[in-house]
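Asker: The structure that follows is given in the form of structure tokens.
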Amino acid sequence: MAMNDETHPIICGTDFSENASAAARVAAALAARMEKQLLLVHVAEQSDSRFVSVERRKEVTAPLLEKLRAEAERLASSGAQIEPLVLTNGWAEDAIVQITREREASLVVVSSVSKTAFDHWTIGSVSERIAEK
């Protein structure tokens, strides 16, 4: 099978939670089946990353990239081609929507965190805000 990794990848956002791990397994299976590249993305949210030094950004993102690489290795048995990517450009939902548009993703997979109805009403969730955008 030829990998169709140059166009319209699948993007999977992860916060390394149990729910995100399950979503990543599904995303990897879909990517393998559809012959798409999987971008495994974690967003290191910073209040304003423009004011963080390059050195500090590397300190923050290096361990996160290692966690993503470990997750990609765990998912490798799916047969999907996986690219781990740490983003530092703002809030998770904005960064994921931006990379989705830039890479012209065919699908975005994110998990939803179990919350009470009140939490959803007052706070919402990243997955809900991505869906809205």
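The values are calculated or read from the model by the stated rules, or taken from the named source; none is laboratory data. In this text the structure is predicted, and so the values were computed from the model without any measurement. Note that each Cβ is placed from the backbone with ideal geometry, even for glycine, and that neighbours are counted across all protein chains shown. In case anyone asks, the SASA skips ligands and DNA or RNA and just uses the protein heavy atoms, side chains included. Shrake-Rupley method; radii C 1.70, N 1.55, O 1.52, S 1.80 Å.
Asker: Quick one: Gly90 ticks every box in (1) more than 17 Å from Ala20 (Cβ to Cβ); (2) modelled with pLDDT of 95 or more except a single one, so which number is it?
Answerer: Of everything listed in (1) more than 17 Å from Ala20 (Cβ to Cβ); (2) modelled with pLDDT of 95 or more, Gly90 misses just condition (2).
Asker: Scan the stretch 6-34 residue by residue and report those that are open to solvent by 70 Å² or more (accessible area, probe 1.4 Å), farther than 18 Å from Glu102 by Cβ and assigned to a loop (DSSP other than H, G, I, E, B).
Answerer: Selection gives Asp15 alone.
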